[in-house]
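Here the structure is laid out as structure tokens; the discussion comes afterwards.
The values are calculated or read from the model by the stated rules, or taken from the named source; none is laboratory data. All values derive from a computational prediction rather than experimental measurement. Neighbour counts are summed over all protein chains in view; Cβ atoms, including those assigned to glycine, are modelled from backbone coordinates with ideal geometry. Side chains are part of the model used for accessible areas, which takes the heavy atoms of the whole protein and leaves out ligands, DNA and RNA. Shrake-Rupley method; radii C 1.70, N 1.55, O 1.52, S 1.80 Å.
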Amino acid sequence: MKALYWVVVRFSAPRAQHSYLHLCSLCFSSIEIAAAAPPPPMQREPPKFPCEIDTELDRISSLPGHVLRQILSLLPIRDAVRTSALKRKWRYKWSQIPHIVFDSQGISISSQDQTTIKNKLVNIIDHILLLHNGPIYKFKLSHCDLLGVSDIDRWILHLSRGSTKGFVLEIWKGFQNLKNLDLQHVTLAQEVFEKLISSFAMLERLTLINFDGFTHLNINAPNLQFFDVGGVFDDVSFENTFVLTLVSIGLYVNVKNDQNVSYGSSGKLLRFFVNLPHIQRLEIQSYFLKYLAVGKVPSKLPKPCIDLNYLSIRLNFNDYEENSAALCLLRSCPNLQEVEILARPEEQAVVGPVTDFWDDDHWKCLFGQLRLAKIVGISGIRSELDCIKFLLSNSPVLEKMTIKPVSKEGGWELVNQLLHFQRASIQAEVFHLEL
């Protein structure tokens, strides 16, 4: 004879019904029912009220908050948000999850119109970020229907003001029309950096300041016109950069010139200018001139920089190799109109013989268009004075030279020597600026 069982479950509300059914699916992998002999008569228990059923059955809701947030983080963002419909106590629990991922799996929009998809997707992301009230440690945006939109700037700015530690941005079709890229205080792998730069076909301006993770600056950008870099790196090279005109580059650590190291048939100075045929403005900051002096330094470049009209150099006048590199650059810029030389007086050790280095009578009237010259941070040593004499005697159209010493000591003696220097330009004025 078959045993007949009746099971009665009371639900407090349709929403609770959904919760209990969902709970059962989470807590039990299988349910097995078998017939058995009827149990002995027991004293009937009083009926349980809905609140008692909640306490007994809804065990997930009683888990610690950090466990719930971790569980919700494993769900697609769409499902995590939908948990607000389970019960009142689940409403906005998703708003505290520390990891947020927007991808095609988490957000799917049924539409054929690309503009509609983009607008809906942007609204969803805006809405979720607006309602989120906890820290976001990781944020990932990877959606096949999201092109490069200006809204990404707002989201990055919003996240930068919080405690975000990881940020992943995957744009399937890239920033095809991006023209200006400014990266400061970033960490990128070498391969990622190179792919990033080469993928921006329309890039015109690139700024890199205080970066980490990559040490070889291989710049391949056919439309790049402006390049500004300052940081610690091992090497820099240009490829397909024939329209690059403005370069400002600073190396923040000193380098050693190992003459025993092989650099092929040329040193770093020659290789640096190979793909810069139309450079117009060059700023060499910090220790980058020391980098350019590594390897063989010629008396001048094989192909002169005919378009270069402004040159700024930070130089250690006590370093023979740096003086050689600086002189090579000056000799290779026949159309230079303005020059600035910044001394590094903190380096007092003499590296190689520099006596009479700038005393060269062979290059008369070298700077046929130089009109402005500025020498900053000098202390009055022989090599500094020889450099000033070299510029004055080889600049027939020079109009103004400004000299600013590093200190007030020996100021009048320096002025007295400057007054006796021969000048190729009869209209050249020399200004001595005191601190």
(request) Give the number of residues within the stretch 140-161 that are surrounded by 12 or more Cβ atoms within 10 Å (Cβ to Cβ) and modelled with pLDDT of 85 or more. (result) 7
(request) Determine, yes or no, whether residue 218 is over 17 Å from the mean Cα position of the chain (by Cα) and open to solvent by 40 Å² or more (accessible area, probe 1.4 Å). (result) no
(message) Give me the residue from the stretch 65-91 that is in contact with a helix residue (DSSP H, G or I) (Cβ under 6 Å, 6 or more places away or on another chain), assigned to a loop (DSSP other than H, G, I, E, B) and of a type outside the set (A, V, I, L, M, F, W, C) and, out of that set, nearest to residue 167 (Cα to Cα).
(response) 91
(message) So if I check each of 236, 186, 229, which one is touching a strand residue (DSSP E or B) at 6+ places or on another chain (Cβ under 9 Å), assigned to a strand (DSSP E or B) and within 20 Å of residue 155 (Cβ to Cβ)?
(response) 186
(request) Among the residues of the stretch 283-308, write down those that are touching a residue at least 40 places away in the same chain (Cβ under 8 Å) and farther than 16 Å from residue 324 by Cα. (result) 285, 286, 307
(message) Pull out all pairs, ordered by first then second residue, where Cβ-Cβ is under 6 Å, the residues are six or more apart or on different chains, the first lies in the stretch 97-121 and is assigned to a helix (DSSP H, G or I), and the second is charged (D, E, K, R).
(response) 117/145
(request) Provide a single number: the residues in the stretch 150-169 that are farther than 16 Å from residue 128 by Cβ and either among the basic types (Lys, Arg) or over 15 Å from the mean Cα position of the chain (by Cα) (or both). (result) 4
(request) Identify the single condition in (1) surrounded by 18 or more Cβ atoms within 10 Å (Cβ to Cβ); (2) of a type outside the set (D, E, K, R); (3) on the phi > 0 side of the Ramachandran plot that residue 92 does not satisfy, given that it satisfies every other one. (result) (1)
(request) State the number of residues belonging to the stretch 333-381 that are touching a Cys at 6+ places or on another chain (Cβ under 8 Å) and at pLDDT below 65. (result) 0
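Within the stretch 326-338, can you find the residues that are farther than 16 Å from residue 386 by Cα and crowded, with 17+ Cβ neighbours inside 10 Å? Full working, then the answer.
Step one: list which residues in the stretch 326-338 are farther than 16 Å from residue 386 by Cα, which gives 329, 332-338.
The answer is 329, 332, 333, 336.
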(request) Return yes when residue 234 is loosely packed, with under 15 Cβ neighbours inside 10 Å and within 24 Å of residue 301 (Cα to Cα) and no when it is not. (result) yes
(request) Considering each of 301, 244 in turn, give the residue that is surrounded by 15 or more Cβ atoms within 10 Å (Cβ to Cβ) and closer than 21 Å to residue 194 by Cβ. (result) 244
(message) Pairs please, first residue from the stretch 66-78 and within 23 Å of residue 104 (Cβ to Cβ), second anywhere and of a type outside the set (A, V, I, L, M, F, W, C) and buried (at least 16 other Cβ atoms within 10 Å of the Cβ), Cβ atoms under 7 Å, 6+ apart in sequence or on different chains.
(response) 72/83; 72/93; 73/98; 73/99; 76/106; 77/106; 78/106
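Here is a yes/no grid of residues against (1) farther than 18 Å from residue 241 by Cβ; (2) touching a helix residue (DSSP H, G or I) at 6+ places or on another chain (Cβ under 9 Å):
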site: 279; (1), (2): no, yes
site: 286; (1), (2): yes, no
site: 299; (1), (2): yes, yes
site: 305; (1), (2): no, yes
site: 312; (1), (2): yes, no
site: 317; (1), (2): yes, yes
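Checking the conditions here, which among 25, 108 is open to solvent by 30 Å² or more (accessible area, probe 1.4 Å), at pLDDT below 80 and touching a helix residue (DSSP H, G or I) at 6+ places or on another chain (Cβ under 9 Å)? Before you say what the answer is, go through the steps one by one.
Details: 25 fails: touching a helix residue (DSSP H, G or I) at 6+ places or on another chain (Cβ under 9 Å).
Going through 25, 108 in turn, just one is open to solvent by 30 Å² or more (accessible area, probe 1.4 Å), at pLDDT below 80 and touching a helix residue (DSSP H, G or I) at 6+ places or on another chain (Cβ under 9 Å): 108.
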(request) Take residue 133 and decide whether it is surrounded by fewer than 17 Cβ atoms within 10 Å (Cβ to Cβ), in contact with a Gly (Cβ under 9 Å, 6 or more places away or on another chain) and part of a loop (DSSP other than H, G, I, E, B). (result) no
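Looking at the stretch 372-423, which of the residues that are assigned to a helix (DSSP H, G or I) and among the aliphatic types (A, V, I, L, M) is surrounded by the fewest Cβ atoms within 10 Å (Cβ to Cβ)? Full working, then the answer.
Pass one, the stretch 372-423, residues assigned to a helix (DSSP H, G or I): 382-393, 411-419.
Next, from what is left, pick out any that are among the aliphatic types (A, V, I, L, M): 385, 388, 391-392, 414-415, 418-419.
Details: 385: 18, 388: 21, 391: 24, 392: 19, 414: 19, 415: 14, 418: 17, 419: 9.
The qualifying residue surrounded by the fewest Cβ atoms within 10 Å (Cβ to Cβ) is 419.
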